[in-house]
Amino acid sequence: MNRCCCLVFNAALGVLDYRVPSGMDVEPGSVVVAPLGPRQIIGVVWDAERLPDQDVPEHKLRPLLQVLPVPPLPQPLRRLIEWCADYYMASLSQVARMALSSSAALRGGGTVTEYRLTGHEPTRLTPQRLAALDLLHDQQATIRELAEIAGVSDAVLRGMVNAGMLEAVTVDSDRPYPRADPHHADPDLSEAQAAAAARMVEAVRAHAFRPFLLDGVTGSGKTETYCEAIAAALEEGRQVLVLLPEIALTEQFLRRFEARFGATPVTWHSSLKSSERRRAWRQVASGGAQVVVGARSALFLPFARLGLIVVDEAHEISFKQDDGVRYNARDVAVMRGHFEQVPVVLASATPALESLQMAEAGRYERLVLPDRFGGATMPAISIVDLREDVPERGRWLAPSLVAALKDRLLKGEQSLLFLNRRGYAPLTLCRTCGYRFQCPNCSAWLVEHRLSQRLACHHCGHEVPPPPACPECNEPDCMVACGPGVERIADEVAEILPTARVELVTSDTLTSAAKAAEFVERANARAIDVIVGTQLVTKGFHFPELTLVGVVDADMGLEGGDLRAGERTYQQVAQVAGRAGRGEKPGEVLIQTRHPEAPVIAALAAGDRDAFYEAEAESRREVGAPPFGRWAAIIVSSEDEAEACDAARAIGGTQPRLDDVLILGPAPAPLSLLRGRYRYRLLINARRSTELQKILRGWLDPLRLPPGVRVAVDIDPYSFV
Ligand code: ADP
Ligand code: ZN
């Protein structure tokens, strides 16, 4: 090869041709350094025949500078990148960049210098050093990372190095991970588990693309079962990718994995230190990392010998990315399995309707685990009709739920209250003039967080301390909270049950994997009586002593009017209900609602999953919603309100008129201002067979819009704000 095409990581350029100097070896997938003007950029050599011809004459080509010391991106990954770019309407380099997610790794192995506490503590310490000492306990990282953890400047830490309080450690970034042993602790599977495992194991051994829907009730042992497929992949010398929806679940998974396989798997998520990221990326690429458990971004890692992909809690909406490349990791996982020719397991107790439909159509093989493992029974579910069983004034828990909480506390059992709303109250008013505290950057209310003493926007992160007086009428101490958040529920529990040990579990409190691990430990050690949490507690946790679950407001999710509102409510309530009675003692679930007659609530109360899915499928079929039709959204935004509006109108004005394609909007988005940008939306609804991307390209590509306007396309959208 004396010339090549390169994806370069510059949004405006995309693909460039280069000359390959003699003596340099490149092949498709090679990661290279190339000149661009006076600069050097990183690029990936791509299969020339799969790109449009650029026709740059030979003598104009500039030579590549260097091939980086990493294996070329494997062919199946290159096909996946192309598929994602095409399907999600992103550029190739935008997607490829997700595969090169550790820039340090690309520069080779070698060593990194990290620092850790020596244990030496001078008798007199500055307050900053004292604070750092506390926070750096058990940490080892670069100076800059430690400075971030400790919240002090680099200079403070360098001073601590000089004072002998911190010492340097040389870390080899290519050191191997401990090996997992497929037979470290083989479980005794139940009959249903063994049957499901056998199907997956067979597919792993066949090195064939086979998508499975592992559909088992909460507590049926889905993890135990897919671990058999992992064991089979390990025996084959193949790598495994396990995707989890939440970092908070990782710790618990690591512990179970270690018990089963005798070593912890490699983790991959956004809060890894750069040295961990480098090591993980390189070991994935060389084949040394046997099992990787991670967030959705792990999907684009350059596995050398992938043998199996598992997506746990596959229905979770956190698998959908809502900025940058707007992909759905569940769907991309199946595509990766297809290109890699390996099985993909989607595990869930409440599958997405889309996945169930694929199973019904015979495209996925459905493996069913109908019962809880070890004779544990499914919890008894009852409805608390808030119109009859009325909470006291200014309170949110109905008398029957309060009685049940008291009963558990007396028996020494655990309870969990679920409300999917962070903070103390969703809306804060001035009691005198009615002023509503609103975010300056978003069309959203500020949410009061009493624990951190902040008013915060949940969309952009804007935070202010609660003002001493109303900004409108200057009345001091004017704030009134409207409605409940988890913090307020926790306060209510503390008032009703003064002796109970109450723990709040939200993304504000479980801010790291370590905090999540501590929480799991406390819960298992019975150091918590009542857990009050958001959607974070609905997922995956297994607490044997938990026997009561209270859903504070089952109607909340139904209000948004979004396409999947019913399904999401069903999933959340069924999942949180699934936390109850997983041990020897049976569980009870109380669902507070004002609409016991709503189909979702009725199905939950009757424990009739099929009825729910049938009704949901029927209503989606009627409106041509997924999986029966296709949706795409166009989001037009600008910092200038008039410019956003004009651009949206211009896009609306050139819309294609096609039979069977319905275009709604443009209309101001429900969140019409987000992070300082004004937003308009269009929604496209088409038949399944429609080539939606082609229509969108033909429509949007010719448009010339002002540079301040951003147009984002969301294929298969989950969010309608
Ligand atoms: P799910 O993921 O389906 O909710 P889990 O895999 O968490 O269920 O299993 C629930 C509990 O039952 C866990 O504590 C798990 O260790 C235990 N369990 C499931 N299957 C087995 C088995 N075959 N042998 C021993 N314990 C099992
Ligand atoms: Zn905001």
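The values are calculated or read from the model by the stated rules, or taken from the named source; none is laboratory data. These numbers were taken from a predicted model, which means no experiment stands behind them. Here the Cβ positions follow ideal geometry from the backbone for every residue, glycine too, while neighbour counts run over all protein chains shown.
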For this session: Identify the residue in segment 412-452 that is outside any loop (DSSP other than H, G, I, E, B), in contact (Cβ under 8 Å) with a residue 24 or more places away in the chain and over 27 Å from the mean Cα position of the chain (by Cα) and, among all such residues, is surrounded by the most Cβ atoms within 10 Å (Cβ to Cβ).
Result: Q414
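Yes or no, residue by residue, for (1) assigned to a loop (DSSP other than H, G, I, E, B); (2) among the hydrophobic types (A, V, I, L, M, F, W, C); (3) away from ligand 2 (no atom under 16 Å from the Cβ):
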{"position": "D322", "(1), (2), (3)": "yes, no, no"}
{"position": "R326", "(1), (2), (3)": "yes, no, yes"}
{"position": "R330", "(1), (2), (3)": "no, no, yes"}
{"position": "M335", "(1), (2), (3)": "no, yes, yes"}
{"position": "E354", "(1), (2), (3)": "no, no, yes"}
{"position": "V368", "(1), (2), (3)": "no, yes, yes"}
Problem set entry | Residue list for segment 367-382, restricted to those being surrounded by 19 or more Cβ atoms within 10 Å (Cβ to Cβ) and at pLDDT 95 or above | L367, L369
Exercise. Which one is surrounded by the fewest Cβ atoms within 10 Å (Cβ to Cβ), of the residues in segment 671-688 that are charged (D, E, K, R) and part of a strand (DSSP E or B)?
Worked result: R687
For this session: Just name the residue that is surrounded by the fewest Cβ atoms within 10 Å (Cβ to Cβ) out of those in segment 689-721 that are of a type in the set (G, A, S) and more than 19 Å from V623 (Cα to Cα).
Result: G698
For this session: Provide a single number: the residues in segment 18-34 that are in contact with a Leu (Cβ under 6 Å, 6 or more places away or on another chain) and not β-branched (V, I, T).
Result: 4
Exercise. For segment 88-124, which residues satisfy the criterion of being in contact (Cβ under 8 Å) with a residue 12 or more places away in the chain and on the phi > 0 side of the Ramachandran plot?
Worked result: M89, G108, G110
For this session: Answer yes or no: is there a residue in segment 16-26 that is surrounded by 12 or more Cβ atoms within 10 Å (Cβ to Cβ), at pLDDT below 90 and more than 20 Å from L77 (Cβ to Cβ).
Result: no
Exercise. Any idea which of V112, V33, V45 is in a strand (DSSP E or B), more than 27 Å from the chain's Cα centre (by Cα), β-branched (V, I, T) and more than 23 Å from N10 (Cβ to Cβ)?
Worked result: V112
Exercise. For R630, are the conditions met, namely being over 29 Å from G461 (Cβ atoms) and in a strand (DSSP E or B)?
Worked result: yes
Exercise. Which ones in segment 127-142 are part of a loop (DSSP other than H, G, I, E, B) and either among the aromatic types (F, W, Y) or without any contact (Cβ under 8 Å) to a residue 12 or more places away in the chain (or both)?
Worked result: D138
Exercise. Would it be correct to say that A195 is surrounded by fewer than 22 Cβ atoms within 10 Å (Cβ to Cβ) and either part of a helix (DSSP H, G or I) or free of Cβ contacts under 8 Å to residues at least 12 places away in the same chain (or both)?
Worked result: yes
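Per-residue answers, yes or no, for (1) more than 27 Å from the chain's Cα centre (by Cα); (2) among the acidic types (D, E):
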{"position": "Y613", "(1), (2)": "no, no"}
{"position": "F628", "(1), (2)": "no, no"}
{"position": "D640", "(1), (2)": "yes, yes"}
{"position": "R649", "(1), (2)": "yes, no"}
{"position": "G653", "(1), (2)": "yes, no"}
{"position": "V661", "(1), (2)": "yes, no"}
{"position": "Y680", "(1), (2)": "no, no"}
For this session: Go through E584, E597 for me and flag whichever is free of Cβ contacts under 8 Å to residues at least 40 places away in the same chain, of a type outside the set (S, T, Y) and surrounded by fewer than 18 Cβ atoms within 10 Å (Cβ to Cβ).
Result: E597
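Residue-wise test of (1) at pLDDT below 90; (2) out of contact with any helix residue (DSSP H, G or I) (no Cβ under 8 Å at 6 or more places or on another chain); (3) within 16 Å of ligand 1 (Cβ to nearest atom).
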{"site": "G412", "(1), (2), (3)": "no, yes, no"}
{"site": "C442", "(1), (2), (3)": "no, yes, no"}
{"site": "V493", "(1), (2), (3)": "no, no, no"}
{"site": "L497", "(1), (2), (3)": "no, no, no"}
{"site": "A500", "(1), (2), (3)": "no, no, no"}
{"site": "E518", "(1), (2), (3)": "yes, yes, no"}
Seminar exercise, completed: Expected output for segment 695-712 (first residue more than 16 Å from G652 (Cβ to Cβ), partner among the polar types (S, T, N, Q), Cβ below 6 Å, 6+ apart or cross-chain) is G708/S638; R710/S637
Exercise. Taking A523, is it buried (at least 17 other Cβ atoms within 10 Å of the Cβ), within 25 Å of L409 (Cβ to Cβ) and either modelled with pLDDT of 95 or more or not charged (D, E, K, R) (or both)?
Worked result: yes
For this session: Examine segment 104-118 for a residue that is under 29 Å from K694 (Cβ atoms) and surrounded by 14 or more Cβ atoms within 10 Å (Cβ to Cβ), and state whether such a residue exists.
Result: no
Problem set entry | segment 587-599, residues that are at pLDDT 90 or above and of a type outside the set (D, E) | G587, V589, L590, I591, Q592, T593, R594, H595, P596
For this session: Using the structure shown, decide if R564 is over 19 Å from T218 (Cα atoms) and within 18 Å of the chain's Cα centre (by Cα).
Result: yes
Exercise. Quick check, is F543 among the hydrophobic types (A, V, I, L, M, F, W, C), away from ligand 2 (no atom under 16 Å from the Cβ) and buried (at least 20 other Cβ atoms within 10 Å of the Cβ)?
Worked result: no
Exercise. Can we say L674 is of a type in the set (A, V, I, L, M, F, W, C), in contact with a strand residue (DSSP E or B) (Cβ under 9 Å, 6 or more places away or on another chain) and away from ligand 2 (no atom under 16 Å from the Cβ)?
Worked result: no
For this session: Sort out which residues of segment 453-487 are closer than 13 Å to Y424 by Cβ, of a type in the set (G, A, S) and without any contact (Cβ under 8 Å) to a residue 40 or more places away in the chain, and write them in order of number.
Result: A456
Seminar exercise, completed: In segment 516-554, anything part of a helix (DSSP H, G or I) and under 24 Å from the mean Cα position of the chain (by Cα) is listed as A516, A517, E518, F519, V520, E521, A523, Q535, L536, V537, T538
For this session: Residues being under 30 Å from A298 (Cα atoms) and acidic (D, E): count how many of those fall in segment 102-137.
Result: 1
Problem set entry | Subset of segment 184-216 (residues that are within 7 Å of ligand 1 (Cβ to nearest atom), of a type outside the set (D, E) and either within 24 Å of R305 (Cα to Cα) or out of contact with any strand residue (DSSP E or B) (no Cβ under 6 Å at 6 or more places or on another chain) (or both)) | P187, L189, S190, Q193
